[in-house]
Amino acid sequence: MIKVYKYRIYPNKIQIQSISQTIRLCQQLYNSALEHRIYLYKHCGISITFYNQSAELPEIKKVLQEYKTVNAQVLQDVLRRLDKSYQNFFRRLKAGEKAGFPRFQSYKRYNSFTYPQSGFSLSGTHLQLSKIGNIKVKLHRPVEGKTKTCTIIRKNDKYYVCFSCEAEPQAIPLTYQDIGIDMGIKEFCITSDGELMPNPKNYRKSEDKLKKQQRAVSRKKKGSNRRKKAVAILANTHEHITNQRKDNAHKVANNLLNKYDTICREDLQINNMVKNHRLAKSISDAGWGIFFDILDTKAKQTLGKRVIKVDPKYTSQICSNCGQIVKKSLSVRTHKCECGLEIDRDINAAINILHKGLATL
Ligand SMILES: [Zn+2]
């Protein structure tokens, strides 16, 4: 099982230059290797592989001395990335899916490089990178498992390291309890036991900031430096909000998995809903998609835990006590049924989601 850990790193000026240079050389290598493949195929009908191309690396270094400043395995990984995109292309083609031919990469798009085995080490608060140096890293949580690869990423003028690690499936004690969850708008979600999970803290504040910055961008002239600056500020806020959502999603998912073994949730085709539904804004804002991904992945990685997706149809209308349909508009917050049941509409929905999920087992 592979787990990924991402941390912010703080390279100094010289290290930033060195990282930028590495990314640029990797991007150029990627494009030339792609060009070479296309050329050989077109003119000689030859298909070359990762092994053919990586065997040429020593020769390239002799001619283009600057490639000596990049770790050899990092360069090999560039060729492996290209090989992978070729393999993906052929796999999709074979499966009759829509397949895009491997593309040339711009410097803007190509924003990372990977040490696939060695050339990096982490000790305390510093990350040692071969050919680059000793960089300060903010380890907000420990790396667990055996580290396999180390990727350096540049994004919005910030730098990150991603470790992919081989980890044993996590052991969280089984509780033999099941739960249904209904995603909310004011609250993040509510459980069939009536527990409220709030939205991320300060979330509204960031959202207001985002709106102001979006307006600032649209007021500035296209192509101007002032607009570029405003776009950079906006990108930062976007990133901050995504991090807030992820943080909250991890918290809620951990909370649920600690307390329950089976978690039933709505199977929402987020993209469709965002397009059609009048709740669109809140849905995308609340980051449900991010949460579902995190919850599903964590459950898969934990022994004895599972997520069941159910069709959300009628879950808010059916009476969780007697099964009768009680029609109500969105503004009606309480479910009141002839059978005597009177509860919060969202808790009623969460109970229905739980019942529907368990019924599929
Ligand atoms: Zn009823």
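Annotation: cysteines of the chain without a disulfide-compatible partner (Cβ-Cβ under 4.7 angstrom) are 26, 44, 150, 162, 165, 189, 264.
By the equivalent-ellipsoid construction on the alpha carbon gyration tensor, the range 305-357 comes out with semi-axes of 20, 11, 10 Å, ordered largest to smallest.
Approximating the spin labels as points 7 Å out from Cα along Cα→Cβ, the residue 328-to-residue 228 distance works out to 5.5 nm. Counting only the backbone N, which residues of the range 149-182 are under 11 Å from the spot 7 Å out from the Cα of residue 21 toward its beta-carbon? Residues passing the 11 Å test: none. When you restrict to C-alpha pairs under 8 Å that are six or more residues apart and normalise by the size of the range 86-161, the relative contact order lands at 25 percent. Each part reduced to its alpha carbon centroid, the range 1-31 and the range 66-109 end up 17 Å apart.
Taking a virtual spin label 7 Å from the Cα of residue 202 along the C-beta vector, which residues in the range 217-248 bring their backbone nitrogen under 19 Å of it? It comes to 233-248, nothing else. The orientation-averaged shadow of the Cα convex hull for the range 122-246, equal to a quarter of the hull surface, comes to 12.4 nm².
Using only side-chain charges placed at the Cβ, +1 for Lys and Arg and -1 for Asp and Glu, the dipole size of the chain relative to its Cα centre rounds to 2180 debye. Along the charge dipole of the range 71-121, Cβ charges K/R +1 and D/E -1, which of 99, 88, 76 sits furthest on the positive end? In the range 71-121, that residue is 99.
Taking 18 Å as the straight-line reach from the Cα of residue 298, the aspartates and glutamates in range (excluding those fewer than 8 positions away in the same chain) are 144, 166, 168, 178, 247, 261, 266, 267. With N the number of residues in the range 1-106, Rg(Cα) / (2.2 N^0.38 Å) evaluates to 1.25. The long axis of helix 203-219 is offset from the longest Cα principal axis of the chain by roughly 50 degrees. Ranking 174, 184, 151 by how far each Cα lies toward the positive end of the dipole of the range 149-254 (charges on Cβ) leaves 151 at the top.
Converting phi to 3J(HN,Hα) with the Karplus coefficients 6.51, -1.76 and 1.60 and the offset θ = phi - 60°, the range 350-356 yields 4, 5, 4, 5, 4, 4, 4 Hz in sequence order, with x at every glycine or proline. Excluding the sites themselves, what is the longest stretch of the chain that contains no GluC sites (Glu not before Pro) in a DSSP loop with at most 12 other C-beta atoms within 10 Å? It runs 98-337. Only helices enter this figure: runs of n ≥ 4 DSSP H residues, each worth -39500 (n - 2.57), summed and divided by the residues of the chain, yield -15000 deg cm²/dmol at 222 nm to the nearest 500.
Scan the chain and hand back the longest stretch that contains none of the chymotrypsin sites (Phe, Trp or Tyr not before Pro) lying in DSSP loops with at most 13 other Cβ atoms within 10 Å. Value returned for the longest uninterrupted segment is 177-313. Semi-axes of the equivalent ellipsoid for the range 145-216, computed as √(5λ) from the eigenvalues of its C-alpha gyration tensor and ordered from largest down, come to 31, 30, 7 Å. Taking amide H as placed 1.01 Å from N in the peptide plane, the amide H of residue 193 sits under 5 Å from that of 180, each at least 5 places away or on another chain. Under a model in which nothing but the beta-carbon of Lys, Arg (+1) and Asp, Glu (-1) is charged, the range 84-208 shows a dipole of about 1160 debye around its Cα centre. Summary of the geometry: the range 131-184 and the range 227-270, compared by the centres of their Cα atoms, lie 15 Å apart. Relative to the longest principal axis of the Cα atoms of the chain, helix 288-300 runs at roughly 80 degrees. Applying the criteria of a DSSP loop state and at most 15 other Cβ atoms within 10 Å to the trypsin sites (Lys or Arg not before Pro) of the range 122-205 yields 131, 186, 201. Mean separation of Cα pairs under 8 Å and 6+ residues apart, divided by the residue count of the chain: what relative contact order is that in percent? Contact order relative to length: 17 percent. For the chain, the longest principal axis of the C-alpha atoms and the axis of helix 13-44 are separated by about 80°.
Sorted from longest to shortest, the spans of the Cα atoms of the range 1-53 along the three principal axes equal 47, 35, 14 Å. A straight chain from residue 111 to residue 360 at 0.36 nm per residue would run longer than the Cα-Cα distance by 85.2 nm.
Summed over all non-identical Cα pairs, the Kirkwood treatment of the chain gives a radius of 24.2 Å.
No value in this document is a laboratory result; all are computed from the given coordinates. Since we're looking at a predicted model, the values are computed, not measured. Note: ideal-geometry Cβ built from the backbone for every residue, glycine included; neighbour counts use all protein chains shown.
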